[in-house]
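Engineer: Structure provided below as structure tokens; questions to follow.
All of the numbers you see were taken from the coordinates with simple rules; none came from a lab. Everything numeric here is computed off the predicted structure, so don't read it as measured data. Ideal geometry is used to build each Cβ from the backbone, glycine not excepted, and the neighbour counts take in all protein chains shown.
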Amino acid sequence: MRPLRAHSAAEYLTLLQKGGQDFAELGWVQNVSSPDGFLAQQLLSGSVNNQTGFHYSRFDSDIANARKEKDEAKRLADYAGAERRALDFMPLIPIVFYRNRLAVASTVRGFRLDGAGIFDASAIWLA
């Protein structure tokens, strides 16, 4: 194995596209509380962010169904199915999930934390 070394963002993308690395780290943060940003963006066939080259038509179908589904419970079930199928193949290994721990005073208004742990500071005010 070659020693670890730093790369610029452009160099790292080129390295991933060539597939010459022994292993690679990919981090992903999104500002929308939906599994789509994590599943589809990284694993959907043809996605520019699908650096693993993962392709599974059933996974793609689950994502397509989830994106069309208006009922939230059914949509989340479709995403969960896609996630199970992807994890069976393990094109990516989830290692870290960031969590936020915070407390907000009862006088704080307008604070809304989304599923990704992001909030709009411009909407916050004190009562």
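Engineer: Can you give me the distance in nm between label points at ALA127 and LEU4, each placed 7 Å from the Cα along the Cα-to-Cβ direction?
Structural biologist: Distance between the two pseudo-spin positions: 4.7 nm.
Engineer: Let me ask something else about it. What does the charge count around PRO35 come to, taking other residues whose C-beta lies under 14 Å from its C-beta (Lys +1, Arg +1, Asp -1, Glu -1)?
Structural biologist: Values: positive: ARG67, LYS74, ARG75, ARG84, ARG85; negative: ASP36, ASP62, GLU69, GLU72, ASP78, GLU83, ASP114.
In short, -2.
Engineer: Sort 69-77, 39-47, 102-110, 81-89 by the packing proxy (mean of other Cβ within 10 Å over each peptide's residues), most packed first. Intermediate values should be presented prior to the final figure.
Structural biologist: On the way: 69-77: 11.7, 39-47: 17.8, 102-110: 9.1, 81-89: 16.1.
Highest mean packing first, the order is 39-47, 81-89, 69-77, 102-110.
Engineer: If I model a spin label at GLU69 and SER47 as a point 7 Å from the Cα along the Cα→Cβ vector, what separation in nanometres do I get?
Structural biologist: Using points 7 Å along Cα→Cβ, the separation is 1.7 nm.
Engineer: Which one of ASP62, ASP36, ASP114 has the biggest mean-square fluctuation once the chain is modelled by GNM with Cα springs under 10 Å?
Structural biologist: Ranking ASP62, ASP36, ASP114 by mean-square fluctuation puts ASP114 first.
Engineer: Also, I was wondering about something else. What is the pair-distance distribution P(r) of the chain, computed from all Cα-Cα distances in 10 Å bins starting at 0, with each bin given as a whole percent?
Structural biologist: Pairs per bin, as whole percents: 11, 32, 29, 20, 8, 1.
Engineer: Would you calculate a helix-derived [θ] at 222 nm for the chain, using -39,500 (n - 2.57) for each DSSP H run of n ≥ 4 and dividing by the full residue count, to the nearest 500? Mind showing how you got there, number by number?
Structural biologist: Details: 4 runs with 48 residues, N = 127.
After summing the helix terms and dividing by the residues of the chain, the value is -11500 deg cm²/dmol.
Engineer: For the stretch 52-58, what does the Karplus curve 6.51 cos²θ - 1.76 cosθ + 1.60, with θ = phi - 60°, yield as ³J(HN,Hα) per residue in whole Hz, taken in order and with x for Gly and Pro?
Structural biologist: 7, x, 4, 8, 8, 4, 5
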